[in-house]
Structures are given as C-alpha cells and as structure tokens.
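The values are calculated or read from the model by the stated rules, or taken from the named source; none is laboratory data. On a predicted model such as this, the values are computed, not experimentally measured, just so you know. Glycine also receives a Cβ, built like all others from the backbone with ideal geometry; neighbour counts cover every protein chain displayed.
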Amino acid sequence: MNSDCLSRDTQDSVIAPQLLMLWESSREPWGVKDLDSRYLYANHAYYDLLNINPALFTIPGRFDHELPSPVADFASHFQLHDRCTIKQQDRLCSIEIHCYGREKLIQPYFFDKYPLYHQISRECIGSIFHARKVEDVSLQKQLCGKSPGYFLFYPPEPIFTEGELDVIFFVLQNMSSKVIGRHLGLSHRTVENKLQGIYQKAGVHCLRQFSEYSRHTGFDRYVPQKFLKPLSQLLMLDAR
C-alpha cells in the first residue's frame, strides 16, 4: 500500500485492510474523513480527479480548504455534507460541479457519502466518500453548463415535510403559487398555505428572507430526486 495515500490513523487499522485494497485498485475516487472532516485517506483516483501530484502534496491530515485545487473554495459546503452524513447515519448523495482533472474542465460528479464505523466499538468515527462521473446524458446536459457548485439529493435539515420540500424546490425557482400548483396538482391557495407554514418553520416572513435562509442552510441546492427522473421536469424550471 502506498504510504502517500495513508494517514497514521488508517495505518492503525481504523479502516479495514480489505477496503483499502479495494479502493487502491479502483479507478473511481474514494476517500475517508474523520469527525472533524480531516482527511484520513484518499486513493490515487481522487488525486487524479483533483489534479494533485501525491509526490508534491499529500491529502491525509489536511482539510478541504487546504487542498491545492479549485474545490477548496467549497470547503464549508463539503464539511456540511460530512456533518449531515454523520448526523443522519445514512448514505447521502450530492452532485458536485467543479474543475476536475488535468484538463481542468467543469464536470458533474455524484458524491456518495457514508458513515464510517469503528470495527470494534461500532461508533461512528467519520465518513467515507465515493465519487462517480455523471453518465446520464440528459442530466449532463442540464448540469454541464452550470458554474462550479453542488446539488443535494437530501434535505440539509429534517424540519420540512415531503410536500413542503416540493414547494420549496419550486418556489426557489421564482415560480408563482399558480405555476407551482400546476406542477404539484394543488390549488394555488393550498400552495400559499404550505408556504406560510414553511416560513413559520424557517422563522422568516417573506420569500426574500426565505431565499437568504435557503442560501445559508443549503436548501437552495436541494433537488428532490423525483424531479430528476423525467427530463421535462428540469427543462420546465424557468416557466413562470
């Protein structure tokens, strides 16, 4: 195993040797972070994805903001995703759109994150991430023209109902209550009532305040998975 890819913690058997062997031979990026979002491990594919030479810079022991890569500008978002994974104790998925590889092309990648458990105590001690390129052609068309950023397929905070999350997704596209109602099969009054409930939970009083709240919490990047299946759902987001 290449010591450049391993931190002292992983050498102390925090990660099962079988997993390390699998990740080292994988062509897809894999990595591990501790509870503070400090890297414990990164395989060669992750170095290649970020266009980092392991002979000049080692990732384990570092934080995202320390990486010599454009993704460092999004460190706070990555750490938020790590915390959500650890808090919810479940796999979470996001789409990350950044400059990747030697060509430094803006490309979309799925990032799956999983909680990491200690082999003996079974306590959560960090998170595992796995990156895979977005292969769906229709989804690529929607995302490849976007500026660097990310999309979440899980709500950043578990305070809204599924119906409220649907309304949030559309209202943040600047759609009117009538248009949202047509998308969701609801009357515009029902949509407005749901919106008032959303404002109350968020502690705001208007759309401008809720938009600011969403940027702060990450709800402006949340996409319900149900709206990714039919391509027409995404193509219609600019409708008024």
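Selection of first residues in the stretch 50-75 that are over 18 Å from Phe111 (Cα atoms) and of second residues that are of a type in the set (Ser, Thr, Tyr) and surrounded by 15 or more Cβ atoms within 10 Å (Cβ to Cβ), restricted to Cβ pairs under 7 Å at least 6 apart or on distinct chains, gives the following pairs, ordered by first then second residue: Ile52/Ser69; Pro54/Tyr47; Pro60/Ser7; Pro60/Tyr39; Pro60/Tyr41; Gly61/Ser7; Gly61/Tyr39; Arg62/Tyr39.
The residue that is nearest to Pro155 (Cα to Cα), counting only those in the stretch 94-135 that are touching a Leu at 6+ places or on another chain (Cβ under 7 Å) and either outside the structural domain of Asp48 (by TED's automatic domain parsing) or of a type in the set (Val, Ile, Thr) (or both), is Ile95.
Yes/no matrix, rows are residues, columns are (1) touching a Leu at 6+ places or on another chain (Cβ under 8 Å); (2) of a type in the set (Phe, Trp, Tyr); (3) part of a loop (DSSP other than H, G, I, E, B):
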| site | (1), (2), (3) |
| --- | --- |
| Glu28 | no, no, yes |
| Lys33 | yes, no, no |
| Asp36 | no, no, yes |
| Tyr41 | yes, yes, no |
| Tyr46 | no, yes, no |
| Arg62 | no, no, yes |
